[in-house]
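Please read the structure below before turning to the comments.
The values are calculated or read from the model by the stated rules, or taken from the named source; none is laboratory data. All figures in this text were calculated on a predicted structure; none of them were measured in a lab. Reconstructed Cβ throughout: ideal geometry from the backbone, glycine too, with neighbour counts over all protein chains shown.
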Amino acid sequence: MPSCKICPSMLSSDLSVLASECQRMLDSGADYLHLDVMDGHFVPNFTFGHPVVKCLRPKVPRAFLDVHMMVSEPDKWIENMRDAGADQYTFHLEATEDPVSCIRKIRDTGMKVGIAIKPGTSVEDVIPYIDSIDTVLIMTVEPGFGGQKLMFDMMPKVRFSFDLQPLGHVLQIQYLRDRYRHLDIEVDGGVGPSTIQACADAGANMIVSGTAVVSSDDPRGVISLLRQSVDE
Ligand code: DX5
Ligand code: ZN
């Protein structure tokens, strides 16, 4: 399995001081920084885009920045994100009709390529692209918000995915891990000390954790706990 990476999601940090929050996470042992870009269209929430990433980059010059693009037209922002200093561009498979073109454009910029899938999307849908990407991001909540727990109850369609999720997603990850041993397999949404073990057992090695790490009084302790679970 590729080495374990612990990636705090900065969405739940104090965004008015994003750079110092990022530095706090790096000082606490974070491997990557996970930046959630939302356009209010692909997901029902709005965050920030490449201008913020561009301001952040010089403040954390050595950090690996993984931008999780929860946007409707992911091919539109590839150049901007590269110019802003992103290291990995992770787009949603559901957001584009031409994933091949998206992958090629990202590769051309020199950034690493990630494909994310929502809970209702089958992992088989990623297989045609798997040899040309670096990371598969398996969403373990519906994308759009950090700190999710029971929000799904409000949306019948989402509840259907949620009912399938506890078992379904572990199986999805295992399926990928069994066949593609060198792929980075990322999990994102509701991951923390109490839920990491199932993800780790299933083969995830790239762990995004927002609320559990960023809102903790002891981010270093939580990061090292998460790391132990994946490494064991
Ligand atoms: C949700 C985002 C996640 C989120 C994770 O759409 O993609 O990265 O910030 O936060 P937690 O760990 O709090 O679920
Ligand atoms: Zn994310």
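Of all residues in the range 122-142 being hydroxyl-bearing (Ser, Thr, Tyr) and surrounded by 14 or more Cβ atoms within 10 Å (Cβ to Cβ), which is nearest to ligand 1 (Cβ to nearest atom)?
This residue is Thr140.
Do you know which of the residues in the range 173-190 that are in contact (Cβ under 8 Å) with a residue 12 or more places away in the chain and among the basic types (Lys, Arg) is farthest from ligand 1 (Cβ to nearest atom)?
Among residues in the range 173-190 that are in contact (Cβ under 8 Å) with a residue 12 or more places away in the chain and among the basic types (Lys, Arg), the one farthest from ligand 1 (Cβ to nearest atom) is Arg181.
Based on what the data block shows, is Phe42 in a loop (DSSP other than H, G, I, E, B), of a type in the set (Phe, Trp, Tyr) and either under 16 Å from the mean Cα position of the chain (by Cα) or under 19 Å from Asp134 (Cβ atoms) (or both)?
Here the answer is yes, as Phe42 does meet what is asked.
Listed here are the residues, each with its yes/no results for (1) at pLDDT below 95; (2) out of contact with any Cys (no Cβ under 8 Å at 6 or more places or on another chain); (3) basic (Lys, Arg).
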residue: Arg24; (1), (2), (3): no, yes, yes
residue: Gly29; (1), (2), (3): no, yes, no
residue: Tyr32; (1), (2), (3): no, no, no
residue: Phe46; (1), (2), (3): no, yes, no
residue: Val52; (1), (2), (3): no, yes, no
residue: Pro58; (1), (2), (3): no, yes, no
residue: Ser72; (1), (2), (3): no, yes, no
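Those residues that are more than 19 Å from Leu33 (Cβ to Cβ) and either within 16 Å of ligand 1 (Cβ to nearest atom) or modelled with pLDDT of 95 or more (or both), I need them from the range 200-217; list them, please.
Hits for the range 200-217 are Ala200, Asp217.
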